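First up is the structure itself, then whatever we jot down about it.
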Amino acid sequence: MGSICGDSQPHHVVLFPFMSKGHTIPLLHLARLLLHRSLIVTIFTTPANRPFIFESLNDTTVTILDLPFSHNVPDIPVGIESTDKLPSMSMFPSFANAAMLMQPDFERALQTVPRVSFMVSDGFLWWTLESASKFNIPRFVYYGMSYYSSCVGRVVAIDRLLFGPETDDELISIPPFPWIKVTRNDFEPPFTEPEPKGLQIEFIMEVLIATAKSHGIIFNSFYELEPLFADYWNSECTPKAWSAGPLCLAEPPKGSTEPHNKPKWVQWLDKKHDQGRSVLYVAFGSQAEISPAQLKSIATGLEESKVNFLWVIRKSESEILDGFEERE
C-alpha cells in the first residue's frame, strides 16, 4: 500500500466502519496496525457510536470524526444509529439505506482533513466509493467474511446453483470445490429467489458493484489458513485481495494473565489446549435471529457430535435451552 502515495509525508488513512459492532471492531484493530506503521488514521462514525470507538482507541492518536445520522427515516425508531439497537433485523435494509444520507456530510468532511492516501470502508457503505472517486482517493473495501465464504457464496450466486435442485435439502456441489456440498436451506432470501426484487436485493447489488470497482478488498484472514480460497479469489474474482488478519492480534492484552484471575471459560480452554484437544467454537453474532426450534436442533447436534465446544448465546436463548447439558 505504500506505493499509493509516493512522497515522504506520513500517509493518512481514512477508516469508515459500518454502524454495527461486529463490523466496527475489526476496523478498530486495523487502526492499531496502521498506527504501528506510523500512519495517520482518521475514523468516521456517528455521534451515538463515537463513545464505543473512543473507549476502544483512547490510548491512541486516532482522530474520530462524527457525521450526523438522519433521525427522520421511515421504519427506523428515532435515535437508533447501530444495528444492535434495531428492534428487528427486518429493518436492516431501511437502516443501511439511511446510512447513505451521510454521504454529503462525509464528502464535506473529506475536504477538511489532511490529504488522504487511501480509504478503507465497510462493504455495506458502498456509496463511499463514489465519494472516494471524487477526491481521487483509492478505496479498499472491508468485509467480515472469510475467503472461503466469499468464494463459495460468489460461485453459488453467479452459477445460480440454488435453482437446479428439486428440493431444499438436495445436496449441491460447488464446481471449483466439488468436495463442498450445500443445500438451498443453507441460504436465505433473496439468494433463494430466482428473480428477487425489493430494497434488500437492490442494496446487495449496489454493494457488489461498488466492491468490484474498488482498489482492493481486505480480508480478516491469513493466507496459511485458507490458501486455496485466497488463490481462487485473486485468480477469479475482483478486486485484488489482501490478507490482514487475524486483526484481533492488534488488540493490546487486557487484564491479568494469572490463571486464578482468568474467567472459567478461558481456564477450560487452557485445559483443553494442555490436553491437545480441539474445541469447536459456535457463534452466530449478536444480531442473527434464531428460532427456538433452530436453537434446540443446534444443541442436539452439538451434543450428539461428542466434540468439545464453546457456544456463545444470548441470555434469552439460554433460557430456551434450560437443562442443556454442560460437559467437560
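Couple of notes before you dig in:
- Members of the range 166-203 found to be under 17 Å from Pro93 (Cα atoms) and among the β-branched types (Val, Ile, Thr), listed by number: Ile201
- Check on Val73, out of contact with any Asp or Glu (no Cβ under 8 Å at 6 or more places or on another chain) and either within 19 Å of Gly245 (Cα to Cα) or not assigned by TED's automatic domain parsing to the domain that holds Val120 (or both): no
- Pairs meeting the criteria (first residue in the range 17-28 and farther than 15 Å from Leu86 by Cβ and modelled with pLDDT under 95, second residue in a loop (DSSP other than H, G, I, E, B) and of a type in the set (Val, Ile, Thr), beta carbons under 8 Å, at least 6 apart or on different chains) are lacking.
- Identity of the residue in the range 214-271, farther than 23 Å from Ala132 by Cβ and among the basic types (Lys, Arg), that ends up modelled with the highest pLDDT: Lys271
- Enumeration of residues in the range 204-232 that are surrounded by 17 or more Cβ atoms within 10 Å (Cβ to Cβ) and either more than 18 Å from Arg139 (Cβ to Cβ) or touching a Cys at 6+ places or on another chain (Cβ under 6 Å) (or both): Ile204, Ser221, Glu226, Phe229, Ala230, Tyr232
- Gly285 modelled with pLDDT of 65 or more, more than 24 Å from Gln267 (Cα to Cα) and not charged (D, E, K, R): no
Conditions (1) surrounded by 19 or more Cβ atoms within 10 Å (Cβ to Cβ); (2) at pLDDT below 90; (3) assigned to a helix (DSSP H, G or I), marked per residue:
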position: Val73; (1), (2), (3): no, yes, no
position: Pro93; (1), (2), (3): no, yes, yes
position: Pro104; (1), (2), (3): no, no, yes
position: Arg108; (1), (2), (3): no, no, yes
position: Thr112; (1), (2), (3): no, no, no
position: Val116; (1), (2), (3): yes, no, no
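- Assessment of the range 49-63 against the conditions (at pLDDT 95 or above, touching a Ser or Thr at 6+ places or on another chain (Cβ under 8 Å), part of a loop (DSSP other than H, G, I, E, B) and within 26 Å of Glu289 (Cβ to Cβ)) yields at least one matching residue.
- Flag for Met145 being outside any helix (DSSP H, G or I), out of contact with any Lys or Arg (no Cβ under 9 Å at 6 or more places or on another chain), in the same structural domain as Pro74 (by TED's automatic domain parsing) and aliphatic (A, V, I, L, M): yes
The values are calculated or read from the model by the stated rules, or taken from the named source; none is laboratory data. Since we're looking at a predicted model, the values are computed, not measured. Positions of Cβ are backbone-derived with ideal geometry, glycine not excepted, and every protein chain shown enters the neighbour counts.
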